[in-house]
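Q: Dumping the structure here so I can ask a few things about it.
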Amino acid sequence: MAQRFALRIDPVAADDSRDDFAHTLTPMDVAAPALSVGELSTQRGDGVFESIGVVDGHANEVEAHVQRLAHSARLCDLPAPNLTQWRLAVDAVSAHAPAGEAVIKLILSRGVEHGPAPTAWATVAAAPDFRAVREQGVRVVTLDRGYDLGAGERAPWLLLGAKTLSYAVNMAALREARRRGAEDAIFVTRDGYVLEAPTASLIIRRGEEFLTPAPSGGILHGTTQLSVFEHLESGGHATRYATLSATDLATADAAWLVSSIRLAVAITAVDGAPLASDRALTAELNEFLLSPR
């Protein structure tokens with residue numbers, strides 16, 4: 001199988017009742033130019049995307065991802081994606097996934113400036129090798145996100161709950177974390193509440209209960225966090241959404257960053273202070289997340 005494959009998607013209306021959109025999916029030459037200089041995804045980051053984990057050709061959590069793509073599109077006033085078409089695109093690129101772990105990217109852009117239609121494409125490629133970080137964990141620093149917990153509800157134009165292509169702040173946060181001697185960061189509100197990592201959701205364990213920040217706080221609703229909670233609940237563990245402070249994180253019995261590609265990674269230190277980790281549970285979570293679902 002090729003190490004990278006891409007499809008251009010000709011978006012159709014969300015209310016199109018057909019169930020076969022194969023003719024709207026066109027293979028792209030991944031080595032050839034594909035975007036116009038007027039493309040708003042590159043000029044302004046004006047679009048939304050999803051990253052889907054693939055294991056041996058099976059794409060995981062597809063429904064949760066396409067539903068979140070639609071949610072992000074709605075927040076950004078983009079045309080509603082036809083989810084049947086996008087599910088078909090996922091199936092089509094999955095068939096070209098390399099063996100082992102891979103990643104599918106779904107991208108929906110506002111298109112060319114002043115153009116008539118959005119631009120959309122799907123790609124699949126081999127995923128980075130995260131086996132070592134899953135085993136060793138990460139040190140994190142907390143970084144001020146610059147707004148209070150209620151900002152997302154007061155100012156929906158900030159798009160705090162959308163997975164947009166505008167990732168410059170997220171990447172800057174990761175660079176700052178490395179400057180501070182850590183591998184990752186967790187955003188904290190001005191009033192002291194934890195949110196999420198730049199590319200992952202946060203889960204903490206307090207006693208026998210597992211907690212994650214509520215998405216109503218203007219954070220992205222994590223697809224992998226949802227899967228982890230379902231797995232924990234099937235094992236008899238209590239889970240819930242909560243408003244968590246920076247102190248809750250620092251005093252947790254254990255904590256993880258979870259995402260579709262890196263999967264479950266234990267947090268081993270917060271702002272330089274060691275944090276206990278549960279190696280056995282981390283291994284169990286990753287075994288589950290690598291299974292078809």
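Q: Assuming a viscosity of 0.890 mPa s and a temperature of 25 °C, what translational diffusion coefficient in µm² per second does Stokes-Einstein assign to region 131-289, Rh being the Kirkwood radius over Cα pairs?
A: 157
Q: For region 4-126, how big is Rg over Rh, using alpha carbon atoms and the Kirkwood form of Rh?
A: Ratio of gyration radius to Kirkwood radius for region 4-126: 0.94.
Q: Now for a separate question. For region 104-210, state what percent of all Cα-Cα pairs lands in each successive 5 Å bin, counting from 0 Å until the bin that includes the largest distance.
A: 2, 9, 14, 18, 19, 15, 13, 7, 2, 1, 0
Q: What order do you get for 35-44, 257-266, 151-160, 135-144 when each peptide is scored by the mean count of other beta carbon atoms within 10 Å, highest first?
A: Numbers: 35-44: 15.6, 257-266: 24.5, 151-160: 14.1, 135-144: 18.7.
Descending mean neighbour count gives 257-266, 135-144, 35-44, 151-160.
Q: If the only charges are +1 at each Lys and Arg Cβ and -1 at each Asp and Glu Cβ, what is the size of the charge dipole of the chain around the Cα centre, to the nearest 20 debye?
A: 660
Q: Given contacts defined as C-alpha pairs under 8 Å and at least six residues apart, what's the relative contact order of region 131-289, whole-number percent?
A: With pairs under 8 Å counted, the relative contact order is 28 percent.
Q: Under 8 Å for C-alpha pairs, at least 6 residues apart: give me the relative contact order for region 4-126, rounded to a whole percent. Walk me through the numbers on the way to the answer.
A: Working: 250 pairs, mean separation 45.5, N = 123.
Result for region 4-126 is 37 percent.
Q: Can you give the alpha-carbon Rg of the chain over 2.2 N^0.38 Å, where N counts its residues?
A: Working it through for the chain, the quotient is 1.01.
Q: Taking the C-alpha atoms of region 66-131, how large are the radius of gyration and the largest Cα-Cα span, Dmax, in Å?
A: 13.8, 44
Q: Still on this structure: With 5 Å bins from zero, work out the P(r) of region 32-102 over every alpha carbon pair and list the percent per bin.
A: Spelled out per bin, shortest first, that is 3, 14, 21, 19, 19, 17, 6, 0.
Q: Where Lys and Arg each count +1 and Asp and Glu each count -1, what net charge lies around Ala252 among other residues with Cβ under 12 Å from its Cβ?
A: Its environment carries a net charge of -2.
Q: Another question about this same structure. Quickly estimate the mean residue ellipticity at 222 nm for the chain, helices only: each DSSP H run with n ≥ 4 gives -39500 (n - 2.57), and the total goes over all residues, rounded to 500.
A: Taken over the chain, the calculation gives -7500 deg cm²/dmol.
Q: Taking the Cα centre of each part, how many Å lie between region 242-275 and region 94-117?
A: Region 242-275 and region 94-117 have Cα centres spaced 31 Å from each other.
Q: Under unit Cβ charges (Lys, Arg +1; Asp, Glu -1), what dipole magnitude, rounded to 20 debye, does region 4-126 have relative to its Cα centre? Could you put the intermediate results ahead of the total?
A: Details: 9 positive and 16 negative charges, 50 e Å.
Roughly 240 debye, rounded to the nearest 20.
Q: Local charge sum around Ala125 (other residues, Cβ-Cβ under 11 Å, Lys/Arg +1, Asp/Glu -1)?
A: Taking every other residue near Ala125 into account, the sum is +1.
Q: Same structure, new question: Where the only charges are on Cβ atoms (+1 Lys, Arg; -1 Asp, Glu), what is the dipole of region 151-293 about its Cα centre, to the nearest 20 debye?
A: 500
Q: Right, something else. At a threshold of 8 angstrom on Cα-Cα distance, excluding pairs fewer than six apart, so keeping six or more, what relative contact order does region 77-196 reach in percent?
A: Value for region 77-196: 22 percent.
Q: Any idea how far the Cα center of region 178-230 sits from the one of region 40-83, in Å?
A: After rounding, the separation between the Cα centres reads 20 Å.
Q: Whole number please: convex hull volume per residue, Cα atoms of region 178-217, in Å³. Let's see the in-between values first.
A: Details: hull volume 4.2 nm³, N = 40.
Cα-based convex hull of region 178-217, divided per residue, equals 105 Å³.
Bear in mind these aren't lab numbers, they're just calculated from the coordinates by the rules spelled out. Owing to the predicted nature of the structure, the values given are computational and were not obtained by experimental measurement. Every residue, glycine as well, gets a Cβ built from its backbone with ideal geometry; the counts of neighbours run over all protein chains shown.
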